[in-house]
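Structure first, commentary second.
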Amino acid sequence: MENEKDIAIKIEGLKKKYRLGTIGGGTLVGDLQSFWARKRGKQDPNLKIGEKAYEKNETFMALDGIDLTIYKGERIGIIGHNGAGKSTLLKILSRVTGPTDGAVYIDGRMSSMLEVGTGFNRELTGRENIYLNGAILGMTRAEVNSKIEQIIDFSECRQFIDTPVKRYSSGMYVKLAFAVAAHLDSEILIMDEVLAVGDMAFQKKCLDKMNDVSRTEGRTILYVSHNMSTIRQLCDRCVVMEHGKIIFDGDVENAISIYSGNSGFENLVSYDFTKTPRPHKRLGDGVFITDFTFAEKDKAVFERRENMRFSVGIDAKKSINDLKLLFVIKSSDIKVGVSQTLEAFASVTEGKHYSFEFEFDISNLAPGRYFFTPNIVACDNLGRYMIYDHPVCDIYFTVIDKHPEGISLIASRHGNVMLNPIKYIEK
Amino acid sequence: MEKQWTAVIRPKRKLLDLNLKELWQYRDLIWLNVGRNFKTRYKQTVLGPLWFVIQPLFTSVIHMLVFGTIAGLSTDGVPRYLFYLIGSVSWGLFSSCLSATSETFTGNAGLFSKVYFPRLVSPVSTAITQIGNFLIQFGLYLIISLVFFLSGNKFSVTWVALLTPLIVLQMALLGLGLGIIISSLTTKYRDLQVFVGFGITFLMYLSPVVYSSRSIKSHGLYTALMLNPVSPLLELLRHGWLGAGSTPWMFWGISLIVTAVVLFIGVLIFNKIEKNFLDTV
């Protein structure tokens, strides 16, 4: 693949600098005033009191030296936190704004969808908007003509195609807009979270369409999203950005785990719940969870085969028998919940403080980052299960697999939970 | 072997790299924009397309009352209504080109921030729309002048009328040139936007729209008036279709040069601004 002929986009040392503070006073007079004041060494009359005068060197690098080579037919995902520079990169690539330094070389016709329905005119009919939007995205009238039937079918709006789009529901509007974009003929497609439109069925249809055009026609796709599951479905390479730099470039799973492992806060070891809010006044009335601590760890990272050990502090405000602990474990990116079987561990008497220690077998969990909230459950005198306390706080932990045996579990492909082995029945 | 790239994005573009070829590639978009402008202009209005002609018709009536009847200004012996109608129709072309294109960046910021196409597409489509608008109004003028002619009013159509297409084009280009200069500057300084509105009215009184240049006796004043690049154009049109006014050929020459320079500077500035306007607008 190292052949230069196969390169679709080559980015070299791309930088984008923004000046901080308000740019200009907005009026010519204001700018002249500021300029004159600075010339005489006086204070700028247009600055608010206490505001710092931003000098020329106070700048912000939205992109700080990006180097990236994208080959033809690659479907590359770009992920990163807000402000990491993803959108700036896409804006420069789609030529909406220019770079401060560096260069981008592009081979092939490129279309960008930074927003669905750009340039739609509300007064025009669906059909007229298809032509207009197509032209804005770079299609000629002849190209639209040859595809109009496909576009209308894809949009599922045939019935309303000659009605002004201002009468459309918002769903129909985005469907129509996406249908136009999906039928672009360009070799390179740039998309900024546009798949987050329409209902579930339509989202799937869009993803399938994108997959289809990429695989069968060898198109190159650049896709920015915060939705990891669409990144997984669509992309075969992924770039993680942080503070205007590329911090990872490689396969999708690794990229996502770096991204989610990097989500701004560590896996803490101990949690204090004394001031944590409860979703209901009644909660914490009977028993009150005061704290939670992972034992013998300085980071909540567990090898799959080791047992998770932790302690839970409880203030008993009433005497309750047979307390049970319930964890609802969720994964950071796919919201598949897992719970464990309940088992009574203790009864408490009013007015006492307890600290209980536990051990939890997590070998059934696939490697990944998880979080849960602890619940204290017990039966009331009618035999119904009741939640006694439920602090609103996510406790994070990461499961790693140092020595994968057989297949190595990947949450996205195999799910988060591995059940017991399937037993062979000997005859 | 050096690879041939379809496009290269760099921080600074050469000053003269105007990329007019790309504008041509997007000609379909220009026409669709023009079509959109016409279709959506008077949607959901009772009088609909009639609005295209109501404006100049009524403006001319007002002009006729105020400047003709009350002020008693001379119209060189041609029917007053026709004199004012051709004046306001042709002035309308220039002023609407100027005011509509001067909002290119501020009015399209949302669109420009989301998708790339040669930005000149917008002002060019606007100017073409205004020419179309003018043609409708001018057609109306021709009908009315025929009515006047058949009912025995005296005026003459001269050979200068043959220059009309050229003059109309020049008028639109002049408005476009000034408009894109202003739109490029308004990305940073909003003052200009306020200025446009009253500047156009101001300029109208410095052009022979509501009065005849012949009624100006002072030579110096006449020269000053004719140095306004719009004036010779109005004069020539009026001379061609009514036989009134003068034929200031030399001033037309100057006006042509001014138009070319304004347009050239306009495209240069526009081209320079369009790349990064998003960061300043």
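The values are calculated or read from the model by the stated rules, or taken from the named source; none is laboratory data. Everything numeric in this text was worked out from a predicted model, so none of it was measured. Positions of Cβ are generated from backbone atoms using ideal geometry, with glycine treated the same way; all protein chains shown enter the neighbour counts.
Could you tell me which residue of the stretch B:192-206 is nearest to the other protein chains (Cβ to nearest Cβ), considering only residues that are surrounded by 15 or more Cβ atoms within 10 Å (Cβ to Cβ) and either under 14 Å from B:Thr104 (Cβ atoms) or without any contact (Cβ under 8 Å) to a residue 24 or more places away in the chain (or both)? Break it down stepwise before answering.
Going through the stretch B:192-206, the residues surrounded by 15 or more Cβ atoms within 10 Å (Cβ to Cβ) turn out to be B:192-193, B:195-196, B:199-200, B:203-204.
Okay, now just the ones that are also either under 14 Å from B:Thr104 (Cβ atoms) or without any contact (Cβ under 8 Å) to a residue 24 or more places away in the chain (or both), so B:192-193, B:195-196, B:199.
On the way: B:Leu192: 8, B:Gln193: 10, B:Phe195: 10, B:Val196: 14, B:Gly199: 14 Å.
Per the criteria, the residue is B:Leu192.
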In the stretch A:267-304, anything basic (Lys, Arg) and farther than 25 Å from A:Ser331 by Cβ is listed as A:Lys275, A:Lys281, A:Arg282
Helices (runs of 4 or more DSSP H) wholly inside the stretch A:135-224 containing at least 3 residues that are at pLDDT below 85 and surrounded by fewer than 15 Cβ atoms within 10 Å (Cβ to Cβ):
A:200-217
Among all residue pairs at least 6 apart or on different chains, which show Cβ distances below 8 Å where the first residue, located in the stretch B:241-266, is part of a helix (DSSP H, G or I) and the second is among the charged types (D, E, K, R)?
B:Leu242/B:Asp76
Inspect all residues belonging to the stretch B:146-162 and state whether any of them is under 30 Å from A:Gly134 (Cβ atoms) and either modelled with pLDDT of 95 or more or surrounded by 16 or more Cβ atoms within 10 Å (Cβ to Cβ) (or both).
no
Any idea which residue in the stretch A:78-92 is nearest to the other protein chains (Cβ to nearest Cβ), counting only those that are under 16 Å from B:Pro11 (Cβ atoms) and out of contact with any Ser or Thr (no Cβ under 7 Å at 6 or more places or on another chain)?
A:Ile92
Which of the residues that make up the stretch A:97-134 are closer than 30 Å to A:Arg167 by Cα, facing chain B (nearest Cβ under 7 Å) and either in contact with a strand residue (DSSP E or B) (Cβ under 8 Å, 6 or more places away or on another chain) or assigned to a loop (DSSP other than H, G, I, E, B) (or both)?
A:Ser112, A:Leu114, A:Glu115, A:Thr118, A:Gly119, A:Asn121, A:Glu123, A:Leu124
So which helices (runs of 4 or more DSSP H) stay within the stretch B:104-154 end to end and still have 2 or more residues that are aromatic (Phe, Trp, Tyr) and more than 14 Å from the chain's Cα centre (by Cα)?
B:121-150
What about B:Thr187, is it at negative phi and free of Cβ contacts under 8 Å to residues at least 40 places away in the same chain?
no
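Regarding the stretch B:126-137, can at least one residue be identified that is more than 23 Å from B:Pro229 (Cα to Cα) and either crowded, with 20+ Cβ neighbours inside 10 Å or touching a residue at least 12 places away in the same chain (Cβ under 8 Å) (or both)? Quick ask: steps written out before the conclusion?
Narrowing the stretch B:126-137 to residues more than 23 Å from B:Pro229 (Cα to Cα): B:136.
Next, only the ones that are either crowded, with 20+ Cβ neighbours inside 10 Å or touching a residue at least 12 places away in the same chain (Cβ under 8 Å) (or both) stay: B:136.
Within the stretch B:126-137 (the criterion being more than 23 Å from B:Pro229 (Cα to Cα) and either crowded, with 20+ Cβ neighbours inside 10 Å or touching a residue at least 12 places away in the same chain (Cβ under 8 Å) (or both)), the answer is yes, since at least one residue qualifies.
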Being in contact with a Cys (Cβ under 9 Å, 6 or more places away or on another chain) and closer than 15 Å to B:Leu237 by Cβ is the filter here, so list the residues in the stretch B:143-174 that pass it.
B:Met171, B:Ala172, B:Leu174
Members of the stretch B:36-55 that are facing chain A (nearest Cβ under 8 Å) and surrounded by 15 or more Cβ atoms within 10 Å (Cβ to Cβ)
B:Arg36, B:Thr40
